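The values are calculated or read from the model by the stated rules, or taken from the named source; none is laboratory data. Note that the structure is predicted; figures quoted are calculated from it, not measured. Cβ placement follows ideal geometry from the backbone for every residue including glycine, while neighbour counts extend to all protein chains displayed. For accessibility, only protein heavy atoms count, side chains too; no ligands or nucleic acids. Shrake-Rupley method; radii C 1.70, N 1.55, O 1.52, S 1.80 Å.
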Amino acid sequence: MDCIFCKIIAGAIPTKFVYQDKEVIAFRDIEPQAPVHILIIPREHIASLAEVPESKSGLLGHLVAVANKLAKSEGIAERGYRVAINCGPEGTQGVPHIHLHLLGGRQLSGMLG
Ligand code: AMP
């Protein structure tokens, strides 16, 4: 198991989950780029957004629904937030296990700020 996020799911890297269900877990990013920076990932190892088969597109909806739920519980839903998925080398994806970034709690700027 080389995937760091699979290790987190398996409990091999102790990590506090801020949300979990049968399909999805969420935890705080280790290098937060904003006051709220949470990663939402499927338990199943899927390497990237590009690897999600059409038959599993419902999983993407579920991941987004969890992001919305966390935005509410983190108190940033009203002010606004960003949900981002980096995909592949030029999309600056560093960890090859699909993940949504939930970012908020400060004024974001541009596409990346
Ligand atoms: P990306 O660049 O889109 O692949 O994002 C990967 C994110 O995973 C980065 O923001 C990292 O800070 C974060 N990350 C890497 N290792 C850990 C970890 N052990 N716990 C929490 N976040 C992590």
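Points to keep in mind about this one:
- Complete set of residues in segment 21-45 that are out of contact with any Asp or Glu (no Cβ under 8 Å at 6 or more places or on another chain) and surrounded by 18 or more Cβ atoms within 10 Å (Cβ to Cβ): Val24, Ile25, Ala26, Phe27, Ala34, Ile40, Ile41
- For segment 26-43, the set of residues classified as more than 11 Å from the ligand (Cβ to nearest atom) and either within 13 Å of the chain's Cα centre (by Cα) or among the β-branched types (Val, Ile, Thr) (or both) consists of Val36, Ile40, Pro42, Arg43, listed by residue number.
- Among strands (runs of 3 or more DSSP E) entirely within segment 6-75, having at least 3 residues that are of a type in the set (S, T, N, Q) singles out no element at all.
- The set of residues from segment 78-113 being at pLDDT 95 or above, open to solvent by 40 Å² or more (accessible area, probe 1.4 Å), more than 22 Å from Ala10 (Cα to Cα) and in a loop (DSSP other than H, G, I, E, B) comprises Glu78, Arg79, Ile85, Asn86, Cys87, Thr92, Arg106, Gln107.
- Check on Ser48, among the small types (Gly, Ala, Ser) and more than 16 Å from the ligand (Cβ to nearest atom): no
- Residues that are in contact with a strand residue (DSSP E or B) (Cβ under 9 Å, 6 or more places away or on another chain) and free of Cβ contacts under 8 Å to residues at least 24 places away in the same chain were ranked within segment 11-25; the one that is farthest from the ligand (Cβ to nearest atom) is Gln20.
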